[in-house]
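Visitor: Input: one structure, supplied below.
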Amino acid sequence: MADSYSLVKGGKLKLKGHKSHKKHKKEKRKRKRDDDSDGEVVKDEDAVKHGGWWEMKNFEEIAKAGSSAIEMGNMAYMLALDNGLFTVGPTREIGEGPNPEEILTAIKVTDTKIALKSGYDKYISVDSVGRVAGRSDAIGSREQWEPIFQDGKLALLGCNDCFVGVDEEGDVVCKSKVAGESEIVKMRCCLSREVDPKANIPLEERGKIKDAEINYVKKFQSFQDRKLKISKEDIKVLKKAKKSGELHEAMLDRREKMKADRYCK
């Protein structure tokens, strides 16, 4: 690892008359997020251990994170002092996240570099003796950091071509040209990773099968007589086609029979 980094540069019962509450819907959505396609509960145990702060694995995640924390060692974070310098905070208990003074703001500067702002509203750079310090009011070349990912590990490269690490006194410095064990860090964030389950579904299909067919007829009809021409065949055919991945072909066949598609032969 050290040699590699040295080369781097740069369903409840429903009763009649019972009214459901909104909180039930929220609980239902939460359960759905925690279930995968096979109905098994999926949890990020590492994130749970760190109070919901999950480990970022690539530059894109860091660039979008906003509030971040740098874990240096096990369950301990880089902590900003009121003199502008940094040290390593106390080891957290399981289930605890970073304290406010351990939370930074990550800002994308280029496609490979970021800037970090401390809770004191100062940008982090490297001072003349190689200490990591948060005293800058603007982003310059010295306030830019490059996250280097390799073999599932992360090191932060500073403006002086050295990596962020911890010295014998426990101070955060940027002095090593090689990323050894003390220079390996983890960047964590608490940004929601919730994904819209309908994100990859075309707008025309975000409803009932019958509605989807009407939407596509409206989209592709020839408008010869300005009337919708909807197939009267059993809708079960489309339901079966959807399960087999042939929904679009089945709807096109039905439109062809009705001559309701401008692309029909």
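The values are calculated or read from the model by the stated rules, or taken from the named source; none is laboratory data. Note that the coordinates shown come from a computational prediction; the quantities given were computed from them, not determined experimentally. Here Cβ is always computed from backbone atoms with ideal geometry, including for glycine, and neighbour counts include all displayed protein chains.
Visitor: Can you tell me which residues in the range 106-133 are closer than 17 Å to MET72 by Cα and either not in a strand (DSSP E or B) or not hydrophobic (A, V, I, L, M, F, W, C) (or both)? Spell out how you get there, then give the answer.
Guide: Applying the first criterion (closer than 17 Å to MET72 by Cα) to the range 106-133 yields 106, 116, 118, 124, 131-133.
Listed by number, the residues that qualify are SER118, ARG131.
Visitor: Return the residues of the range 108-119 that are crowded, with 17+ Cβ neighbours inside 10 Å and of a type in the set (A, V, I, L, M, F, W, C); say none if nothing qualifies.
Guide: Within the range 108-119, the subset crowded, with 17+ Cβ neighbours inside 10 Å is 113-118.
Listed by number, the residues that qualify are ILE114, ALA115, LEU116.
Visitor: Taking the condition of being at pLDDT below 90, over 26 Å from the mean Cα position of the chain (by Cα) and of a type in the set (Lys, Arg), how many residues in the range 165-220 meet it?
Guide: 4
Visitor: Restricting to the range 41-92, and then to whatever is among the aliphatic types (A, V, I, L, M) and more than 24 Å from ALA133 (Cα to Cα), can you tell me which residue is surrounded by the fewest Cβ atoms within 10 Å (Cβ to Cβ)? Lay out the reasoning, then the answer.
Guide: The initial filter retains those residues of the range 41-92 that are among the aliphatic types (A, V, I, L, M), namely 41-42, 47-48, 56, 62-63, 65, 69-70, 72, 75-76, 78-81, 85, 88.
Among the residues that remain, those that are also more than 24 Å from ALA133 (Cα to Cα) are: 41-42, 47-48.
On the way: VAL41: 8, VAL42: 10, ALA47: 17, VAL48: 13.
Among residues in the range 41-92 that are among the aliphatic types (A, V, I, L, M) and more than 24 Å from ALA133 (Cα to Cα), the one surrounded by the fewest Cβ atoms within 10 Å (Cβ to Cβ) is VAL41.
Visitor: In addition: When the residues of the range 154-189 are filtered to those that are under 17 Å from PHE59 (Cα atoms) and of a type in the set (Lys, Arg), which remaining residue is surrounded by the fewest Cβ atoms within 10 Å (Cβ to Cβ)?
Guide: LYS186
Visitor: Also: Which residues, taken from the range 134-164, are β-branched (Val, Ile, Thr), within 24 Å of the chain's Cα centre (by Cα) and assigned to a loop (DSSP other than H, G, I, E, B)?
Guide: none
Visitor: Moving on to the next point. Can you name every residue in the range 132-141 that is more than 16 Å from ILE70 (Cα to Cα) and buried (at least 16 other Cβ atoms within 10 Å of the Cβ)?
Guide: Here is the first cut: in the range 132-141, the residues more than 16 Å from ILE70 (Cα to Cα) are 135-141.
If the condition is that a residue be more than 16 Å from ILE70 (Cα to Cα) and buried (at least 16 other Cβ atoms within 10 Å of the Cβ), then SER136, ILE139 are the ones that fit.
Visitor: Is it the case, given these coordinates, that LEU157 is within 20 Å of CYS190 (Cβ to Cβ) and not basic (Lys, Arg)? Reasoning before the result, please.
Guide: Details: within 20 Å of CYS190 (Cβ to Cβ): no; not basic (Lys, Arg): yes.
So LEU157 fails the test.
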